[in-house]
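Have a look at the structure that comes next, please.
None of the figures in this text is laboratory data; all of them are computed from the coordinates on show. If you're wondering where the values come from, they're calculated on a predicted model, not measured in any experiment. Here the Cβ is made from the backbone with ideal geometry for all residues, glycine too, and neighbour counts use every protein chain on show.
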Amino acid sequence: MSTSSAKQYLTFTLGGETFALETERVREVIELVPITRIPQTPPHVRGVINLRGHAVPVVDLRVQFALGDVRDTVNTCIIIVEISIDDEIMAIGAIVDSVREVFEMEDEVISPPPRMGTSIKAEFLKGMGKQEDNFIMILDIDRVFSTEELSAIQEIA
């Protein structure tokens, strides 16, 4: 009997690189909607959106990961993810260049994140996966947003 466990991942692009998030952390994907800018927030915090009557903070992952300032396109969208902060689930929008697909990957094919050679800090990564001949950086969404940052974002929302 095999004890292998496969998880589903949502793949998306940022600055020409392919990233993935565990689908269990993704609430939904929406098209880019008007974002209300909040004064005195870090540059990567774009502002808030109205999502069915709730204010949801939106972070531009391209800016957060220092991938350069890229103009929004018709493919730019917002992935609504769920983050746990102080035993409370909070929705945050993450702007990405485009969403690709959902696919399944076995835990055994995921290797630890490399210490160097990636466009973002290794601490933001859970590991490196592979789909066909392409490497995919699997984000650790809880580490992407620090506790202090989440507290500040929570106050915005």
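Taking amide H atoms as placed 1.01 Å from N in the peptide plane, list the residues 5 or more away in sequence, or in a different chain, whose amide H sits under 5 Å from that of Ile136.
It is Gly129, Lys130, Gln131, by chain and number.
Per the Debye formula with a single identical scatterer at each Cα and no solvent contribution, what log10 I(q)/I(0) holds for the stretch 6-156 at q = 0.09 Å⁻¹?
Ignoring solvent entirely, the Cα scatterers give -0.27.
Under a 5 Å amide H to amide H cut-off, with H placed in plane at 1.01 Å, what residues pair with Leu32 once short-range neighbours are removed?
Residues meeting the amide H criterion: Ile78.
Just from its helices, what would the mean residue ellipticity at 222 nm be for the chain, if runs of 4 or more DSSP H residues each count -39500 (n - 2.57) and the sum is divided by every residue, rounded to the nearest 500 deg cm²/dmol?
-2500 deg cm²/dmol
List, in order, the whole-Hz ³J(HN,Hα) value for each residue of the stretch 133-144 obtained from phi through the Karplus relation with A = 6.51, B = -1.76, C = 1.60 and θ = phi - 60°; use x for Gly and Pro.
3J(HN,Hα) across the stretch 133-144, in whole Hz: 9, 9, 7, 10, 8, 8, 6, 9, 4, 5, 8, 4.
Could you work out how far helix 147-156 tilts from the main Cα principal axis of the chain, as a 0 to 90 degree angle to the nearest 10?
Approximately 40 degrees, to the nearest ten.
Which order do Asp69, Asp142 fall in if you start with the one that has the fewest other Cβ atoms within 10 Å?
Ranked by crowding around the Cβ, least crowded first: Asp69, Asp142.
Output ³J(HN,Hα) for the stretch 74-82: one whole-Hz value per residue in order, computed from phi by the Karplus curve 6.51 cos²θ - 1.76 cosθ + 1.60 with θ = phi - 60°, and x for Gly and Pro.
Using θ = phi - 60°, the values come out as 5, 8, 4, 8, 10, 9, 8, 10, 10 Hz.
To continue, here is another question. Taking a ≥ b ≥ c as the square roots of the eigenvalues of the Cα gyration tensor of the stretch 1-83, is the shape rounded (a/c under 1.5), prolate (a/b larger than b/c) or oblate?
Prolate, since a/c reaches 1.5 and a/b exceeds b/c.
Please give me the summed charge of the neighbours of Thr18: other residues whose Cβ is under 13 Å from its Cβ, Lys and Arg +1, Asp and Glu -1.
Charge balance near Thr18 sits at -3.
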